[in-house]
Amino acid sequence: MIPSSHALVSLKPARQAAIQAISLVESSRERGARLPAMPYVRTFLRVLTGSGRLNATVARQIPGLNWVAKNRHSNLKQVEEALEIMIATGGEACPLPLTLDVQAELFPEVMHTRTDRRLHRAKISTTRQLRREAREIDQQCRLRRNLLAQAELDLNFQSPETVCTWYTRWSDEFDAGELTSAFWRWQTRFASLKELEWLRLSGEPLYVVMYEIPFIVRETAEHIRTAERWLVPNKLKHHRGEA
């Protein structure tokens, strides 16, 4: 014997009546018995209320229906037809004027299954969205890294006389901080820019450094500027070498 503390919870009357109606109608059909019109709802009402016909009194006994007399939006005939479809489909269909409340009362497992499916679909959709966003972010990062590499390569072909133009061209694409490391590596190649070292040590932003360079270039002797131009790689030879 099952202890009372472990006894199974009994089904609600309406739920039990729906299950029984499906079983009785299917058994009658298998035996080849003649079935009345709308057999599922007729059997359901008879099991639940003792009456095989739907009237206002019977309608009020169907949980979730909340039937109101003189309903202007639907009549009992429509409710009866909708119940027939719902019970015949095992709760899969919920035609108007029935509501989800009726479906939840008669076929709660269908509601739970649909909720689980909906949550599963939502989880799959969210996972796909996150993966798509991750791919887009990764692609953007790779494109940005490639663009920064182009900026650093472009810097390699600049002299102190042209570096401000380089900065103007690339500062629209990158923050000064992203260009700073490449600039200070480039700066060590040119003796005329050695005095900028104090700006690096003081942590001055790159736009402040760029402001100082034209003054340094003007004060640099011509022979030094000429020599520093020779420190710049030849672009044509560089591209031929890549080819």
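The values are calculated or read from the model by the stated rules, or taken from the named source; none is laboratory data. Keep in mind it's a predicted model, so treat the numbers as computed, not measured. When we count neighbours, we look across all protein chains shown, and the Cβ atoms used for this are built from the backbone with ideal geometry, even at glycine. Ligands, DNA and RNA are excluded from the accessible area calculation, which covers all protein heavy atoms including side chains. Shrake-Rupley method; radii C 1.70, N 1.55, O 1.52, S 1.80 Å.
When the stretch 9-51 is filtered for residues that are loosely packed, with under 13 Cβ neighbours inside 10 Å and of a type in the set (S, T, N, Q), the ones remaining, listed by number, are 10, 23, 27. The residue of the stretch 94-135 that is modelled with the lowest pLDDT, among those that are among the aliphatic types (A, V, I, L, M), over 26 Å from residue 80 (Cα atoms) and open to solvent by 70 Å² or more (accessible area, probe 1.4 Å), is 119. Does residue 147 satisfy the condition of being over 30 Å from residue 29 (Cα atoms), surrounded by 12 or more Cβ atoms within 10 Å (Cβ to Cβ) and not charged (D, E, K, R)? Yes, satisfied.
Of the residues making up the stretch 136-174, those that are assigned to a loop (DSSP other than H, G, I, E, B), of a type in the set (D, E, K, R) and more than 22 Å from residue 205 (Cβ to Cβ) number 0. One residue stands out among those in the stretch 66-90 that are part of a loop (DSSP other than H, G, I, E, B) and either of a type in the set (Phe, Trp, Tyr) or modelled with pLDDT of 85 or more (or both): the one that is surrounded by the fewest Cβ atoms within 10 Å (Cβ to Cβ), which is 75.
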